[in-house]
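Down below is the structure, laid out as structure tokens.
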Amino acid sequence: MSLPQALPGREGGFARVLVCRGCCCGTEHKHPDVDHDAQVEALRAVARVRVVDCVDECAQSNVVIVRPGDGRSIWFGRILDETSTAALCEWLADRAATDIPDLLAGHRFERASVAEAATTVFLRRPT
Ligand code: FES
């Protein structure tokens, strides 16, 4: 499966994507077999991409956050090969408006810090 090239007239795409490139995501040190630049370029062909610093989910690197424009932020981790990148690009080419493809479902995760925050609030004793 090959990664997409920029679509004529569609540069910038529609869905917004945050691509983590912090201390772990996007590094050759942690993921030497991934062409990180090619991954970002492929995503830029189908979406508005912003490269961001560490989003505190390093165990899930490479992390990509999709914002389809309906208020959701959908977190994907371990986007580390051409297959998962291509599946993400195909979904983004449809503005991420369809159900998450099966191939990506296993990459989706709930942000740990959000779960921890919810648990903390839930377990906090009244003072
Ligand atoms: S570097 Fe991406 S989550 Fe930390």
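Structure above, values below:
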quantity	calculated
Every residue from the stretch 39-62 that is under 22 Å from residue 106 (Cα atoms), more than 13 Å from the ligand (Cβ to nearest atom), at pLDDT 95 or above and over 12 Å from the mean Cα position of the chain (by Cα)	42
Output for the stretch 63-89, where each listed residue is under 17 Å from residue 108 (Cα atoms), more than 16 Å from the ligand (Cβ to nearest atom) and either touching a residue at least 12 places away in the same chain (Cβ under 8 Å) or buried (at least 23 other Cβ atoms within 10 Å of the Cβ) (or both)	67, 68, 81, 82, 83, 86, 87, 89
Matching residues in the stretch 22-66 - criterion: being touching a Lys or Arg at 6+ places or on another chain (Cβ under 8 Å), more than 14 Å from residue 89 (Cβ to Cβ) and in a strand (DSSP E or B)	50, 51, 52
Condition broken by residue 19, with the remaining ones in (1) over 17 Å from residue 101 (Cα atoms); (2) at pLDDT 95 or above; (3) not in a strand (DSSP E or B) satisfied	(3)
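The values are calculated or read from the model by the stated rules, or taken from the named source; none is laboratory data. Computed from a predicted structure; not experimentally measured. Every residue, glycine as well, gets a Cβ built from its backbone with ideal geometry; the counts of neighbours run over all protein chains shown.
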